[in-house]
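J.: Please see the structure below; I have some questions.
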Number of protein chains: 2
Amino acid sequence: MVFITPHHVGVSVADLEASIAWYERMLGFTLDERVEIAAIPARIAFLKRGAFRIELFEVAGAAPLPDDRRAPNKDLRTHGTKHLAFSTPDVPALVKDLKARGADVAMEAIIQGNPVAFVRDNTGNLIEFVTEAAFQ
Amino acid sequence: MVFITPHHVGVSVADLEASIAWYERMLGFTLDERVEIAAIPARIAFLKRGAFRIELFEVAGAAPLPDDRRAPNKDLRTHGTKHLAFSTPDVPALVKDLKARGADVAMEAIIQGNPVAFVRDNTGNLIEFVTEAAFQ
């Protein structure tokens, strides 16, 4: 049996400083560590919230997010790792709060009787919000 | 302050049943729930390990994983949500074990003195392994 625990999701972004600020302001992450990896090359920031991290990469000259990755259902029509999702007690209340603070809401839906929402970060990356009981 | 906890990462795969089997066999996830969402349309499986889930989507006719998404550094040269990463106490030992069980290893490296590895799932999606102390 392997021993593993979720550690982070890597996200390639357009502007590292703007993205650090977005995740801090919108989702309450805090900057944990900065790294530079010459082999990519990339400027990296690990953001932390509890035991989980988001690893932001800024790669000079990187291609922009493909347009279909901005829409939850279209994004799934190409294989790959897609959205990161968080559980929150009240999805509509959180979305209302994020909207009031300027977040870009991509989708609000009721799936199997439960509210689900997708928000785009400042690069356009999709982040989903669900209520955990929906899937238990 | 928003209240959120990591819930899942969504992954679009080529063959739902083969991917369920891969994540069960290689990483010890268990099938938690199956869902069909007609609006995408997709067949979905939630796999669970502790409090964290992977949501596998099979979308008929989906495009294959872009080639550059199979290589960790190339993958970062397009903006977007990229690899899911797990912490494990001994990365080389885990990689050795996964290799022996047929896993496709994309990269083994020492980054800032710490072993890091990327493995591809059966669709080609990158999964990273680190040791948490590396980033604390």
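J.: Among the residues in segment B:45-53, are any under 30 Å from residue A:72 (Cα atoms), outside the structural domain of residue B:10 (by TED's automatic domain parsing) and touching a His at 6+ places or on another chain (Cβ under 9 Å)?
T.: Of all residues in segment B:45-53, those under 30 Å from residue A:72 (Cα atoms) come to B:45-53.
Keeping just the survivors that are outside the structural domain of residue B:10 (by TED's automatic domain parsing) gives none.
Within segment B:45-53 (the criterion being under 30 Å from residue A:72 (Cα atoms), outside the structural domain of residue B:10 (by TED's automatic domain parsing) and touching a His at 6+ places or on another chain (Cβ under 9 Å)), the answer is no, since none of the residues qualifies.
J.: Please verify whether segment B:99-106 includes one or more residues that are more than 16 Å from the chain's Cα centre (by Cα) and assigned to a helix (DSSP H, G or I). Reasoning before the result, please.
T.: Of the residues in segment B:99-106, the ones more than 16 Å from the chain's Cα centre (by Cα) are B:100-101.
Of the ones still in play, those that are also assigned to a helix (DSSP H, G or I) are B:100.
Yes, the conditions are met somewhere in segment B:99-106.
J.: Name every residue in segment A:107-136 that is at pLDDT below 95, at negative phi and assigned to a loop (DSSP other than H, G, I, E, B), in order of residue number.
T.: Matches in segment A:107-136: A:131, A:136.
J.: Among the residues of segment B:2-21 satisfying the criterion of being in contact with an Asp or Glu (Cβ under 8 Å, 6 or more places away or on another chain) and buried (at least 21 other Cβ atoms within 10 Å of the Cβ), which is farthest from the other protein chains (Cβ to nearest Cβ)?
T.: So in segment B:2-21, the residues in contact with an Asp or Glu (Cβ under 8 Å, 6 or more places away or on another chain) come out as B:2, B:5, B:7-16, B:19.
Remaining after also requiring buried (at least 21 other Cβ atoms within 10 Å of the Cβ): B:7-13, B:19.
Numbers: B:7: 4, B:8: 5, B:9: 6, B:10: 4, B:11: 5, B:12: 5, B:13: 6, B:19: 10 Å.
Here the answer is B:19.
J.: Turning to a different aspect of this structure: If you take the residues in segment A:36-65 that are more than 7 Å from chain B (Cβ to nearest Cβ) and of a type in the set (A, V, I, L, M, F, W, C), which one is farthest from residue B:88 (Cα to Cα)?
T.: Once the filter is applied, the top-ranked residue is A:60.
J.: Determine whether residue A:132 is out of contact with any Lys or Arg (no Cβ under 7 Å at 6 or more places or on another chain) and outside the structural domain of residue A:14 (by TED's automatic domain parsing).
T.: The answer is yes for residue A:132.
J.: Please go through (1) over 12 Å from the mean Cα position of the chain (by Cα); (2) crowded, with 16+ Cβ neighbours inside 10 Å; (3) within 30 Å of residue A:39 (Cα to Cα) for residue B:48 and return the number of the only condition it doesn't satisfy.
T.: (3)
J.: Can you pull out every residue in segment B:22-63 that is in contact (Cβ under 8 Å) with a residue 24 or more places away in the chain and either of a type in the set (Lys, Arg) or part of a helix (DSSP H, G or I) (or both)?
T.: Residues satisfying the conditions are B:22, B:23, B:25, B:26, B:27, B:43, B:53.
J.: Does segment A:71-94 hold any residues that are part of a helix (DSSP H, G or I) and farther than 20 Å from residue B:83 by Cβ, and which are they? Talk me through it step by step, then tell me what you get.
T.: Filtering segment A:71-94 down to residues part of a helix (DSSP H, G or I) leaves A:72-75, A:91-94.
Hits for segment A:71-94 are A:73, A:74, A:91, A:92, A:93, A:94.
J.: Residue check, residue B:40 against (1) modelled with pLDDT of 95 or more; (2) in contact with a helix residue (DSSP H, G or I) (Cβ under 6 Å, 6 or more places away or on another chain); (3) not assigned by TED's automatic domain parsing to the domain that holds residue B:87, all met but one. Which one?
T.: (1)
J.: For residue B:68, indicate whether it is surrounded by fewer than 19 Cβ atoms within 10 Å (Cβ to Cβ), of a type in the set (Asp, Glu) and in a strand (DSSP E or B). Before the answer, list the steps.
T.: Working: surrounded by fewer than 19 Cβ atoms within 10 Å (Cβ to Cβ): yes; of a type in the set (Asp, Glu): yes; in a strand (DSSP E or B): no.
No: the conditions fail for residue B:68.
J.: Where the second residue is part of a strand (DSSP E or B) and not hydroxyl-bearing (Ser, Thr, Tyr) and the first is at positive phi and facing another protein chain (nearest Cβ under 7 Å) and lies in segment A:75-87, which pairs have Cβ atoms under 8 Å and are six or more apart or on separate chains?
T.: Hits for this filter: A:80/B:11.
J.: Is it true that residue A:102 is over 19 Å from residue B:12 (Cα atoms), modelled with pLDDT under 95 and more than 7 Å from chain B (Cβ to nearest Cβ)?
T.: Numbers: over 19 Å from residue B:12 (Cα atoms): yes; modelled with pLDDT under 95: no; more than 7 Å from chain B (Cβ to nearest Cβ): yes.
The answer is no for residue A:102.
J.: For segment B:30-49, state whether one or more residues are of a type in the set (Gly, Ala, Ser) and closer than 22 Å to residue A:50 by Cβ. Break it down into steps so the answer makes sense when it comes.
T.: Quick first cut of segment B:30-49, residues of a type in the set (Gly, Ala, Ser) only: B:38-39, B:42, B:45.
From what is left, the residues that are closer than 22 Å to residue A:50 by Cβ are none.
No, the conditions are met nowhere in segment B:30-49.
The values are calculated or read from the model by the stated rules, or taken from the named source; none is laboratory data. Keep in mind that what you see is a predicted model, and the values were worked out from it rather than measured. Cβ coordinates were reconstructed from backbone atoms using ideal geometry, including for glycine residues, and neighbour counts include every protein chain displayed.
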